[in-house]
1. Just checking, does the range 79-99 include any residue being more than 16 Å from ligand 1 (Cβ to nearest atom), under 25 Å from residue 574 (Cβ atoms), among the acidic types (Asp, Glu) and surrounded by fewer than 23 Cβ atoms within 10 Å (Cβ to Cβ)?
2. Please list, ordered by residue number, the helices (runs of 4 or more DSSP H) wholly in the range 44-156 having 3 or more residues that are within 16 Å of ligand 2 (Cβ to nearest atom) and on the phi < 0 side of the Ramachandran plot.
3. Among the listed residues 374, 412, identify the single one that is outside the structural domain of residue 333 (by TED's automatic domain parsing) and over 17 Å from residue 310 (Cα atoms).
4. In the range 347-371, which residues are outside any strand (DSSP E or B) and more than 16 Å from ligand 1 (Cβ to nearest atom)?
5. Name the residues in the range 553-572 that are in contact with a strand residue (DSSP E or B) (Cβ under 8 Å, 6 or more places away or on another chain) and within 14 Å of ligand 1 (Cβ to nearest atom), would you?
6. Can you tell me which residue among 431, 450, 455 is at pLDDT below 95, under 27 Å from the mean Cα position of the chain (by Cα) and among the aliphatic types (A, V, I, L, M)?
7. Check every one of the helices (runs of 4 or more DSSP H) wholly within the range 423-529 and list those with 1 or more residues that are aromatic (Phe, Trp, Tyr).
Amino acid sequence: MSKELLKAKAKDKEEKGMTKLDIREVTTCQATSQMIQKAERDGVELAFHRAADMKPCPIGAESACCKHCAMGPCRLSSKDPYSKVGVCGATIDTIQARNFGRMVASGCAAHTDHGMTMLDVFREVIRGNIKDYKIKDPAKLEEVCRSIGLEVDGLETEEMAKLLYEELEKTYTQVEGEIPFAKRVPPKTLETWRKLNIVPRGAMREIMELMHRTHMGVDQDYKNLTQQLSRTALADGWGGSMVATEISDILFGTPTPVRAEVNMGCLKADHVNIIVHGHEPNLFESMLESVTDPSLVEAAKQAGAKGINLLGMCCSGAEMLSRHGVPHAGNFMSTEAVLVTNAVDAMAVDVQCIKQGLAKVAECYGTKLFTTNPRCKIEGVEHVEFHEHEPRKCTDQIVIMAIARFKNRKGPVEIPNIRNMGIHGFSHEYINYMLGGTFRASYVPLNDNIINGRIRGVAGVVGCTNPRIKQDWVHVELVKELIKNDVLVVQTGCSQIALAKAGLYQPEAAYLAGPGLREVCEAVGMPPVLGLGSCVDNSRILIACTEMVRTGGLGDSIADLPVAGAAPEWMSEKAISIGQYFVASGVYTVFGCTFPIVEGTKFYKHIFEELESLGCGKWGFARDPYEMARMMIEHIDKKRKALGIDKARERVLYDMAARRELSF
Ligand code: NFS
Ligand code: SF4
């Protein structure tokens, strides 16, 4: 346990045996901290308390144990990792690589299954079996088709869609060859993958093979395991996640900038408040229809409410924030805390990052909690199944029950009075358009500004929040440090929400940026931090990198670009899969909080150092946000130097013509 948390741990236990926290040590989110205080007054336990009570196992934390067979479980020493081997003889490197591989397999499975659901909906829409959704963005459909070499000249939208569906199904099922989106990978990067034998086949095959190879007594060479776990991770980033993003855009529209609010202050005491928390946009899109249905709005008014207020949380929240400007109540570590307001009448969840602890908190406040996806039920929680063929059946029912709960609300409501306005919804397509202008959308201005040094490089800061470290703090400090040093930051998921709460999504936040980046932001009218949506939308970052390579002047492969990535407060296996696909794609990726490998072992050196010399990126680790920023900037500068663009920065002020060129 970190020192901070030890400090945070209760000095005295109350009668209920509840841990009292030093709240300043566990979160910098004011709304969440207000709700932790209320929870403690109400005797309600949150994940913050459970984290303080649950000391992480030091051996497990560094992945120095194995329970892959019944000769074990075997525990090796993380202090002296080579002093022992498992009963089967497995070394620390084998054990760690296998454990790491299984995290990748699980994370990849989560994203690809989400993508598969989107593809299922797409197929049924094309077949006419689903009528509630339709193809909203035919231009994107065509663009995606062309990007993977499909012949679509003269085809109708439906024909194009059918063709694309058949092709993208291979992302899952293809037993040999390369997945369709491999065609989008910059040629030099693809060449490296081919050399390393890590170009993914269908995700089902890759995950299956990885699970096989990490079984007792199969692959016992950490380098060989790294090959398969890289290939599996790429089947996530350039496969399942990318399918999820692209199909969502085609069905629900590609995001363009939208002003929207975040934080718990978006709850309204006099409204029926409904939160959707999870990852797949289908449920949320349907809920958006339900809450605007005149008969349901009328029912809410009959119950004494002024209306129905819909908010998002976590990733589907981030996606709806980006796509439709739906307000967002908070990130992962705020999902229980928001229920403490007593203002949430219903919370509907689908899959991923849904804490089982929500059930207890919801019960304490009489909030209606609903699971909706057959993949994710919670013992004791009411399940209202969502079917894409009749989506409104589920979401209307949830709205009706939310109205009933509003009518019977008991106890006082306390809503933290904090809301933060910002601009969200930057897709890679929009970045193109924003910087290049309507008539010649392109990445040329971005590359030019990187080459001339106004923008030093680009960093992706993404990922979860984690009760093992002070919520939002590392995200916010890291991003501030990066933009101060002229690094343009792109974000997704819970990290995006952390920065939105800190006010960095307003164009005015450009004053926090270094002079070069500020100049670009001011000319274009964009914030110094660009939010791209949910975690599967990290695939937008891959495409943005690809566009930068294609545009020219910044090298031939993603590994040449002056870019870096970070997940400073990560917690999920999905984050590991994401990290690995960025590394395999050529990006230096720094994680914070903790890293599940013993430092200094051969496997550690392999993925923290050697992968870079093979043409990939590499992992980095730092807990401290300033150290993390230093490492990322140093890497960006190293890449600038290799590209020969590290010369003294040109300090030209924009004249009117240049300004016109940059603005949209
Ligand atoms: Ni990403 Fe989304 Fe958040 Fe982490 Fe969970 S919500 S998919 S895993 S916690 S960023
Ligand atoms: Fe132990 Fe080997 Fe079995 Fe793992 S696979 S539990 S290291 S004997």
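The values are calculated or read from the model by the stated rules, or taken from the named source; none is laboratory data. Bear in mind that the values here come from a model prediction, so they are computed numbers and not experimental data. Glycine also receives a Cβ, built like all others from the backbone with ideal geometry; neighbour counts cover every protein chain displayed.
1. No, there is no match, as no residue in the range 79-99 is more than 16 Å from ligand 1 (Cβ to nearest atom), under 25 Å from residue 574 (Cβ atoms), among the acidic types (Asp, Glu) and surrounded by fewer than 23 Cβ atoms within 10 Å (Cβ to Cβ).
2. It comes to 92-126.
3. The unique qualifying residue is 412.
4. If the condition is that a residue be outside any strand (DSSP E or B) and more than 16 Å from ligand 1 (Cβ to nearest atom), then 359, 360, 361, 362, 363, 364, 365, 366, 367 are the ones that fit.
5. 565, 566, 567, 568, 569, 570
6. It is 431.
7. Output list reads 428-436, 473-484.
Every residue, every condition in (1) surrounded by fewer than 20 Cβ atoms within 10 Å (Cβ to Cβ); (2) in contact (Cβ under 8 Å) with a residue 12 or more places away in the chain; (3) not in a helix (DSSP H, G or I); (4) not assigned by TED's automatic domain parsing to the domain that holds residue 284, yes or no:
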site: 167; (1), (2), (3), (4): yes, yes, no, yes
site: 175; (1), (2), (3), (4): yes, yes, yes, yes
site: 181; (1), (2), (3), (4): no, yes, no, yes
site: 204; (1), (2), (3), (4): yes, yes, no, yes
site: 215; (1), (2), (3), (4): yes, yes, yes, yes
site: 228; (1), (2), (3), (4): no, yes, no, yes
site: 246; (1), (2), (3), (4): no, yes, no, yes
